[in-house]
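The values are calculated or read from the model by the stated rules, or taken from the named source; none is laboratory data. No experiment lies behind these values; they were computed from the predicted model shown. Positions of Cβ are backbone-derived with ideal geometry, glycine not excepted, and every protein chain shown enters the neighbour counts.
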Amino acid sequence: MKTLVLTGIRKFEMVKRPMPILKNPDDVLIRIKTVGVCGSDIHYFTQGRIGTQVVEFPFAVGHECSGIIEEVGSSVTRVKPGDLVAVDPSIHCGTCDQCLAGRPHTCRKNRFLGCPGQLDGCLTEYIVMPEFTCFTLSPKFNATTAALIEPLTIGTYSVEMAQTDFRNKTVGIFGSGPIGLSVLMVLKTLGTGQILCFEPLDYRRKKALGLGASSVFNPFETSPEEVTLAIEPLLLDVVFDCTGEQQAIDDAVKIIKPGGKLILVGIPPEGKYLINMDILRRNEISIHNVRRQNHCVEKSIQLVEEGLPVDQMVTHHFAPEKTQQAFEMVSGYQDGVIKAMIDFS
Ligand SMILES: [Zn+2]
Ligand SMILES: [Zn+2]
């Protein structure tokens, strides 16, 4: 089968690999339909690492996928050949302290698609996964919306982590890429009051407005602190950072009200932030870190069922042979790209 592998920094190659086979009774063989290009894949593409997670080349990336079930193991009951499924890229052990505490996403033996040292990615024609990672969908879904469930789960979980009744609350979001937009779309379903989006790219601000942001600002041209004070002098209940940028963190802590929350979703490229503890401490602002998602796949599928327009963030489709171009485009923010999808069949 055809598989895309990273063979070096900024270098994809299409290679032939043997078909994967079912090993356990609960395994399923999935024929990949569509794969979304994620910001974390871009970190591997441009830097060969995320923090301490370092790629050994050649390496197959990709974790946001949909596919068709081709073959099932003897104990499989929830899915059958021919089903279109959204795939949760995370395989947990089910027996460690984290799994037993209801935290499979921080499982001690977690293995994640397209994560160095764990599992090869899904930029390939077929993968084998355990049944529990596959979620069947209503006919409302197509291969693209099914593959978008994974990034949407991050938005759903980030909003959940804020543990806030968002009705009539004023909220800020830094970054209007796929994750920032996912947070925005989920907040819109909860009757959130005003949502202020901060994003330097003009076309992404437009998209955020189209998806229901109350107001959008370029944080490099307008001071987030000044515009927030003008709109909400008491400042914001919750701010989501979906950029991983130091500047956004500096701006965010200045616009959160006392007792408010900062939700860290973005990945800092160097693995560190400098945080203004003086502001945080005086205002008793809590920081919540988001590690991927926990138990949010079914909730996200339900949100799309109810009309959340997840496909609105897709701007480009590529054939597998054009994966190199897709990654160049996404990493360079070219051609108005927000979410690029790679379609296998
Ligand atoms: Zn992702
Ligand atoms: Zn575990």
Going through region 16-44 one residue at a time, which ones are within 15 Å of ligand 1 (Cβ to nearest atom), in contact with an Asp or Glu (Cβ under 9 Å, 6 or more places away or on another chain) and of a type outside the set (D, E, K, R)? Thr34, Val35, Gly36, Val37, Cys38
If Phe141 satisfies every condition in (1) in contact with a Leu (Cβ under 7 Å, 6 or more places away or on another chain); (2) closer than 23 Å to Gly36 by Cα; (3) without any contact (Cβ under 8 Å) to a residue 60 or more places away in the chain but one, which is the exception? (3)
When residues of region 66-98 are filtered for being within 16 Å of ligand 1 (Cβ to nearest atom) and of a type in the set (S, T, N, Q), how many remain? 2
Being crowded, with 21+ Cβ neighbours inside 10 Å, out of contact with any strand residue (DSSP E or B) (no Cβ under 9 Å at 6 or more places or on another chain) and not in a loop (DSSP other than H, G, I, E, B) narrows it down to one of Leu187, Leu152, so name that one. Leu152
Number of positions in region 121-145 that are within 16 Å of ligand 1 (Cβ to nearest atom), over 24 Å from Ser75 (Cβ atoms) and surrounded by fewer than 24 Cβ atoms within 10 Å (Cβ to Cβ): 2
Using the structure shown, decide if Glu56 is acidic (Asp, Glu), out of contact with any strand residue (DSSP E or B) (no Cβ under 8 Å at 6 or more places or on another chain) and away from ligand 2 (no atom under 16 Å from the Cβ). yes
Among the residues of region 72-98 satisfying the criterion of being within 10 Å of Ile30 (Cα to Cα) and surrounded by 16 or more Cβ atoms within 10 Å (Cβ to Cβ), which is farthest from ligand 2 (Cβ to nearest atom)? Leu84
Do the conditions hold for Gly62, that is, is it within 16 Å of ligand 1 (Cβ to nearest atom), at positive phi, at pLDDT 95 or above and not assigned by TED's automatic domain parsing to the domain that holds Lys272? yes
May I ask you to list the residues in region 6-56 that are surrounded by 15 or more Cβ atoms within 10 Å (Cβ to Cβ), aliphatic (A, V, I, L, M) and within 30 Å of Val76 (Cα to Cα)? Leu22, Val28, Leu29, Ile30, Ile32, Val35, Val37
Looking at region 191-234, which of its residues are in contact (Cβ under 8 Å) with a residue 60 or more places away in the chain and under 20 Å from Lys257 (Cα atoms)? Ile231, Glu232
Report, by residue number, each residue of region 222-248 that is under 20 Å from the mean Cα position of the chain (by Cα) and on the phi > 0 side of the Ramachandran plot. Gly244
Scanning region 283-331 for residues that are without any contact (Cβ under 8 Å) to a residue 24 or more places away in the chain and part of a helix (DSSP H, G or I) gives Gln302, Lys322, Gln325, Met329
Within region 157-174, can one find any residue that is buried (at least 18 other Cβ atoms within 10 Å of the Cβ), in contact with a Ser or Thr (Cβ under 8 Å, 6 or more places away or on another chain), of a type in the set (Gly, Ala, Ser) and outside any helix (DSSP H, G or I)? yes
